[in-house]
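Beneath this line is the structure, given in structure tokens, with notes to follow.
The values are calculated or read from the model by the stated rules, or taken from the named source; none is laboratory data. Just so we're clear, the structure is a prediction, and the values are computed from it rather than from any experiment. Note: ideal-geometry Cβ built from the backbone for every residue, glycine included; neighbour counts use all protein chains shown. For the accessible areas, the whole protein counts, side chains as well, though only heavy atoms, and no ligand, DNA or RNA atoms are used. Shrake-Rupley method; radii C 1.70, N 1.55, O 1.52, S 1.80 Å.
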Amino acid sequence: MRLEFTSTNGQSPCVNLREALLAGLAPDRGLYFLKQFPQLTAAEIASFASLPYHEIAFRVLSQYTDGIVEPDVLAAMCREAYDFVIPLEKVHDRVHIMRLDQGPTASFKDFAARMMARLMGRFLLEENRQLTILTATSGDTGAAVAHAFHNIPGFQVIVLFPNDEISLSQRKLMTVLKGNVRTVAIDGKFDDCQAMVKRAFADPSLGHLPLSSANSINIGRLLPQSVYYFYAASRLAKPGEPMVFSIPSGNFGDMMGSVVAKQMGLPVRKIIVPVNDNDAFPRFLATGVYEKVVPSRNSVSNAMNVGHPSNLARLVSVYGGQMDETGKINQMPNLETMRRDLFSSSISDDRTRETIREVWTKYELLLEAHGAVAWAGYQDWQAAEPMAGLPTAILETANPAKFPEEIERTIGFSPDVPPAMEAMNKLPEDYDRMGADYGIFRDYLLAKHAV
Ligand SMILES: *Cc1c(COP(=O)(O)O)cnc(C)c1O
């Protein structure tokens, strides 16, 4: 089967994985996605039980790279990219915390960025091209992308982050790298950063620059994020038994990984999509009316401060609808089916902090704010649709050590800092700063590319 990626806006030609990955956004400003997904058989999925993570990654991702990346090359990429542990900690009964925070920048974004850098690096080398990765971050993407692409020949990386919305440790993970990585603090919100990046991609006066995105709008970020759902099922579920996932969500790239896994054949009973105060999605699921949160609301789970999740356009397409990049719904998705498959609730900051305390007191389990939102969302689902006994993975998406001030305020002690982060915390920072002004940013990009 030849895989064709189409735009969610429906106005761009079909492309293969290589083209979709290098372009990022489709020419019609939609997002590349599949109408039909490659299928894994129940027997193939059952065989994952005895495989290490990197081999599961190879078997899932090779469904997409046929004829584009040779199998042995892909296998080596998976081995290199996934050389860290993925703990599944039992909490009670069959409920587990899946910690996706053991990569070099201590958030789940390492999973996607490390694979994408390897794939893109290979494509560039084959074509002898240069590329500038332009990305907006609400905290963790920038660090993961900057680390993944740092010192890879052919790449320049420019990361925009909202100056007042990220923690010091999050910032240092980007600003100490230097080399081919430039970080820019924007006096604005994450949404401003994302809007500036989107505008640069659509700006004809920058058409001659070799820009590409590494945000979760890039399909190359999304596909690797389907792998850990297969992995969790392979460790927690009996063959054929449906899983429950609770996924703390902002731009909805992570949760779309679970949707991709489900579309590929993984049995899933419920995808729980808890958000913070940015509650556009749970309101949409309840009412069928989509209203973006403008401006986006700040919260302790700062990597999820997204007023209009870009990846919703992809989710809507899976359920037969069409949403454009501004959030306008041109065709309604099937809400009934969405409600059957998904559950979503909004978790306040107070409740997030209470959850961190409660889980620590009750289970001696340390969660940071994003993982706590996932935990609280799972509790909301249990209250709404009680259903005990299913294999469940609640995702902890960042390491508590990234938010020492917040953890200290909430439970009175500082989390242990992983040695790699400690070493980075000591290096000197270097970054640029500007207002949320597109004109200034465009000139900055032109200057960075003038030789
Ligand atoms: C980015 C991020 C999220 C949200 O993931 P999306 O794919 O944007 O929904 C959740 N937690 C952490 C720690 C993150 O960095």
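A compact table of results
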read-out	value
Extension gain from ALA447 to ARG340, taking 0.36 nm per residue of separation minus the Cα-Cα distance	33.5 nm
Charge dipole magnitude, Cβ of K and R +1, D and E -1 - the range 65-120, Cα centre, debye nearest 20	220 debye
In Å², nearest 10: area of LEU177 left accessible to a 1.4 Å probe	30 Å²
Amide proton proximity set for LEU211, modelled H, under 5 Å, gap of 5+	THR132
Sorted peptide list for 124-133, 56-65, criterion being average Cβ within 10 angstrom, highest first	56-65, 124-133
Computed P(r) (all Cα pairs; the range 292-338; 5 Å bins; percent)	5, 22, 23, 19, 15, 12, 3
Estimated distance in nm for a label pair at ASP349 and ARG79, the labels positioned 7 Å out from Cα along Cα-to-Cβ	4.8 nm
Descending Cα extents along the principal axes, the range 58-151, whole Å	52, 31, 18
Gyration tensor over alpha-carbon atoms, the range 129-241, equivalent ellipsoid semi-axes in Å	28, 18, 15
Residue-normalised accessible area of the chain, expressed per residue, 1.4 Å probe, Å²	37 Å²
Kirkwood Rh and Cα Rg combined as Rg over Rh, evaluated for the range 332-413	1.04
Size of the range 107-167 as Cα extents on the principal axes (Å, biggest first)	40, 20, 14
Heavy atoms of SER346: accessible area, 1.4 Å probe, square angstrom to 10	50 Å²
Where the Cα pairs of the range 364-451 fall when distances are cut into 10 Å bins, in %	13, 25, 21, 23, 14, 4, 0
Approximate spin-label separation HIS92-ALA42, in nm, with each point projected 7 Å along Cα-to-Cβ	3.3 nm
Residue-by-residue Karplus 3J(HN,Hα) for the range 417-422, coefficients 6.51, -1.76, 1.60, Hz, glycine and proline x	9, x, x, 5, 5, 4
Once the Cα gyration tensor of the range 176-302 is diagonalised, semi-axes √(5λ) in Å	31, 21, 14
Stokes-Einstein diffusion coefficient of the chain, Kirkwood radius over Cα pairs, 20 °C, 1.002 mPa s, in µm²/s	98 µm²/s
Point-charge dipole on Cβ atoms (K/R +1, D/E -1) for the range 177-234, about Cα centre, debye to 20	160 debye
Whole-percent carbon and sulfur share, accessible surface of the chain, 1.4 Å	51 percent
Scaled radius of gyration (Cα, divided by 2.2 N^0.38 Å) that the range 302-451 gives	1.41
Mean Cβ neighbour count within 10 Å, used as a protection proxy, ranking 300-313, 27-40, 81-94 highest first	300-313, 27-40, 81-94
Signed unit charges on C-beta, dipole axis of the chain, positive-most listed residue LEU88, GLN263, GLY220	GLN263
Overall dimensions of the range 339-379 as given by Cα atoms, namely Rg and Dmax in Å	10.8, 33
Sum of -39500 (n - 2.57) over DSSP H runs of 4+, divided by residues of the chain (222 nm, nearest 500)	-12500 deg cm²/dmol
Relative contact order (percent, whole number), the range 1-129, Cα cutoff 8 Å, 6+ residue spacing	16 percent
Of GLY30, PRO415, ASN302, farthest towards positive along the dipole that unit charges on Lys, Arg, Asp, Glu beta carbons give the chain	GLY30
Dipole magnitude (debye, nearest 20) for the chain, charges at Cβ of Lys, Arg, Asp, Glu	620 debye
Within the range 118-158, backbone nitrogen closer than 19 Å to the virtual label 7 Å beyond the Cα of GLU70 toward Cβ	118-128
Zero-based 10 Å bins, Cα pair distances in the range 33-190, whole percents	10, 31, 34, 20, 5, 0
Dipole of the range 212-308 [Lys/Arg +1, Asp/Glu -1 at C-beta], most positive-end residue of ALA232, VAL273, ALA286	ALA232
